[in-house]
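For reference, the structure is listed below as structure tokens.
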Amino acid sequence: MIRVVSMPRFLTRKFYTDIFNKLLGKNKKLKIGFYGHPNSGKTTLANRMTNDWIGKPIGLVSEIPHETRRVYRQEHVTLSHDGVELDFDIIDTPGIATKIDYKNFLKFGLSEIEAKERAKEATKGIIEAIKWLDDVTGVLLVIDATQDPLTQANITIIGNLEARKIPFVIVANKIDLPSAAPDRIYSVFPQHTVVPISALHGENTADLYQAMVKRFR
């Protein structure tokens, strides 16, 4: 079980600058993939990170309308700051699986023809989401600590990350909520780095940045 030792609560701007520079390396470009279920806190975390690192959020709203029957949603954000490029891919993975059954879409009121077309689109989305993994520095798999982490989406993403040897950190988010159970995530994925945080309140984000330096460099 890989846990992260907590950092002091109050940190200086120099700490964040050092972390940022270490993650950037010589290429001055950082490409991070944020994967996870809808509402797991990916956008909140991305805003938190850029605010800590460069003093401003990326400006994405936390809720963007999307169809619940869609398998994925991508938000591609590039920020330039002092000659440095930050590249974020924020990807929802609500239904990644090895097979998409069109019948799953019928409950949304679609006709059989529409459902089959939607299933075809969803399958294409899955393939694209997996392909995006090949173009990142590292991945943050954001898991809502109040939910069951043992989902097909999480398992599929981790399997693909391992197969491609892409460094990643599992982020157990929303530990500020009473129903959060990060230990459940530790127990399901004991061989991987798991960092419990509250992206909303900034709790333990320094621990996450330290883990990213270790895994992404």
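Structure data summary
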{"quantity": "Cross-chain or 6+ apart pairs with Cβ under 6 Å, segment 174-197 first and modelled with pLDDT of 95 or more and buried (at least 21 other Cβ atoms within 10 Å of the Cβ), then of a type in the set (A, V, I, L, M, F, W, C) and in a helix (DSSP H, G or I)", "calculated": "Val194/Ile185; Val195/Leu208; Val195/Ala211; Ile197/Leu208"}
{"quantity": "Members of segment 21-35 that are modelled with pLDDT of 70 or more and over 18 Å from the mean Cα position of the chain (by Cα)", "calculated": "Asn21, Lys22, Leu24, Gly25, Lys29"}
{"quantity": "Subset of segment 198-209 (residues that are within 19 Å of Asp18 (Cα to Cα) and crowded, with 19+ Cβ neighbours inside 10 Å)", "calculated": "Asn204, Thr205, Ala206, Leu208, Tyr209"}
{"quantity": "Filtered residue count, segment 132-183, keeping only those that are more than 24 Å from Met49 (Cβ to Cβ) and in contact with a helix residue (DSSP H, G or I) (Cβ under 7 Å, 6 or more places away or on another chain)", "calculated": "1"}
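The values are calculated or read from the model by the stated rules, or taken from the named source; none is laboratory data. Keep in mind that what you see is a predicted model, and the values were worked out from it rather than measured. Glycine gets a Cβ as well: all are built from the backbone with ideal geometry, and neighbour counts include every protein chain shown.
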